[in-house]
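Right, one structure below, let's go through it.
The values are calculated or read from the model by the stated rules, or taken from the named source; none is laboratory data. All values derive from a computational prediction rather than experimental measurement. Every residue, glycine among them, receives a Cβ derived from its backbone with ideal geometry; neighbour counts consider all protein chains shown. Side chains are part of the model used for accessible areas, which takes the heavy atoms of the whole protein and leaves out ligands, DNA and RNA. Shrake-Rupley method; radii C 1.70, N 1.55, O 1.52, S 1.80 Å.
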Amino acid sequence: MRLGRFSGALPLVLLTALIVAVGAYATVRQDAFLTSFNINNLLLLTMPLALVSLGQTCALLVGGFDVSVAALMTFCVVVASYTMTFDTSGWALAPGALALVAVGLATGVFNAVLIRVLRLPSIIATLGTFSILEGASLLLRDHPEGPINSDVISGLTRSVSFVPIAFIGVVVLALVGDAWLYRTRTGLALRAVGLDETSSRRLGMPTGRMVFLAFVLCSVMASIAGFYSAAQVQIGSPIIGNYALTSIAAAVLGGASLAGGKGSFVGTLLAALFLTLIDNVLPLFQQPTEYAQMTIGVLILLALVLYQGPELVARLRSNWPGVGRLRSREGEAPAA
C-alpha cells in the first residue's frame, strides 16, 4: 500500500520539482522570464495543451489512445473562423461557440462507436478520424484565412493580474477531476475498466458505458482546447501543432499508464505546464526549438522507466527464484 501511494505521488513531486528548478534557473539567468507579461503568456500557452491532455488522460485511463485530438482542434479553429467572425458580436457568438462543442461531442460519439460497437482498436479508429478531420480542415481552408472575432479572443484571455481566469478554472477542474476519479464509484469504474475490463464486466461494472464516456470526454475537451488554439492563431488556419503526441506525453509524464487504469488529472496539468515551460524558456536562451522535442522524448522514456520502476523490480524479484530453480533443475543429472 505504501509503495502504491509513493508511486502515485512520485509524478506530482517530480514535476513540481522540475518546474521550480527550471523556473529558478531561468529567473537567475534571464530577467525577462519572471515578468508579468511572460508568466501570463506562459499560462495562456499552457491552456490548449492542458485541456487536450486532460481529455487524453480519460482515454488512457480506459486503456486507449485518441490520436484524432490534434486534427479535431485544428478543425475547431477552422470552424471558428466561419462561426465567430468579426461582424458578429454579443450573444450572436453563442451559437458559434456551441457549434465547436457540438463538433467535439459528435467526434467523441463517432470514435466511441468505432471502438465499442465495431470493436476497432482505439489507435486505428482515431487515426481514421484524424485523417477525416484533417481533410475537412483543408477543404474548408486550404490556407490560413478568416480572422476570428476579437471579442472572443479577449474573453478567452482575460486575466486577474498576471493569471488568466481560464487557467484558474483548469486548476479547479483538475482538482475536482482527481477527487472524482479516486473518491467516487464512477471514477473507480473508469479505472477498473483500464486495469482489467473482463473482471470489471464480471463484477457488474458498465464497462462499455465507461469507455464510451472516456472517448466522448476526450473529444469534448479537445474541442474546448480548440477555443484557445483559435485565440492564439486568431485566424482560421488548417495547420496547427501536433497536439496528439504531446497530449499523450503530458498524460504519461503526469502519471498515466499506457496500459490503462492509472493516472492523475493534476499530474497531467503539471506536465502540460512543464512542457510549455520548456518551449517558453528555450527562446530566452536563444536555443533551437528542436531541443524541446528532443527533451520531450527523453523525458517520456525516463518517466516510463522511473514510474514503472517499482513494478519492474517486483516482477524481477518474483521471477528470479523461479528462474534460479529452473536453471538448477536443468543442471541436475538425470536420476538413474
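Per-structure values
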read-out	value
Residue match in region 238-254 (condition: modelled with pLDDT under 80 and closer than 18 Å to L49 by Cβ)	yes
Failed criterion for G324 (all others in (1) at pLDDT below 80; (2) within 30 Å of V172 (Cα to Cα); (3) not in a loop (DSSP other than H, G, I, E, B) hold)	(2)
Flag if S89 is of a type in the set (S, T, Y), over 17 Å from Q232 (Cα atoms), open to solvent by 40 Å² or more (accessible area, probe 1.4 Å) and in contact with an Asp or Glu (Cβ under 8 Å, 6 or more places away or on another chain)	yes
Tally of residues being among the small types (G, A, S) and more than 18 Å from L42 (Cα to Cα) across region 154-206	10
Inter-residue pairs, beta-carbon under 8 Å, first within 23 Å of T85 (Cα to Cα) and open to solvent by 30 Å² or more (accessible area, probe 1.4 Å) and in region 233-247, second modelled with pLDDT of 90 or more and among the acidic types (D, E), 6+ apart	I235/E145
All positions within region 175-208 that are open to solvent by 40 Å² or more (accessible area, probe 1.4 Å), part of a helix (DSSP H, G or I) and farther than 18 Å from G254 by Cα	R183, R185, T186, L188, E197, T198, S199, R201, R202
Residue ID - modelled with the lowest pLDDT, chosen from residues in region 277-292 that are polar (S, T, N, Q) and either surrounded by 15 or more Cβ atoms within 10 Å (Cβ to Cβ) or at positive phi (or both)	Q286
Selection from region 119-159 of residues that are among the polar types (S, T, N, Q), touching a residue at least 60 places away in the same chain (Cβ under 8 Å) and open to solvent by 30 Å² or more (accessible area, probe 1.4 Å)	S131, S150, T157, S159
Enumeration of residues in region 15-41 that are over 30 Å from R191 (Cα atoms), of a type in the set (A, V, I, L, M) and open to solvent by 10 Å² or more (accessible area, probe 1.4 Å)	V20, A21, V22, A24, V28, A32, L34, I39
Selected residue (only one of V211, V172, V216 is without any contact (Cβ under 8 Å) to a residue 24 or more places away in the chain, out of contact with any strand residue (DSSP E or B) (no Cβ under 9 Å at 6 or more places or on another chain), within 26 Å of C76 (Cβ to Cβ) and assigned to a helix (DSSP H, G or I))	V172
Only one of V77, V22, V13, V28 that is touching a Ser or Thr at 6+ places or on another chain (Cβ under 6 Å) and either over 14 Å from A231 (Cα atoms) or at pLDDT 90 or above (or both)	V77
Condition met for L269 (assigned to a helix (DSSP H, G or I) and either surrounded by 21 or more Cβ atoms within 10 Å (Cβ to Cβ) or modelled with pLDDT under 95 (or both))	yes
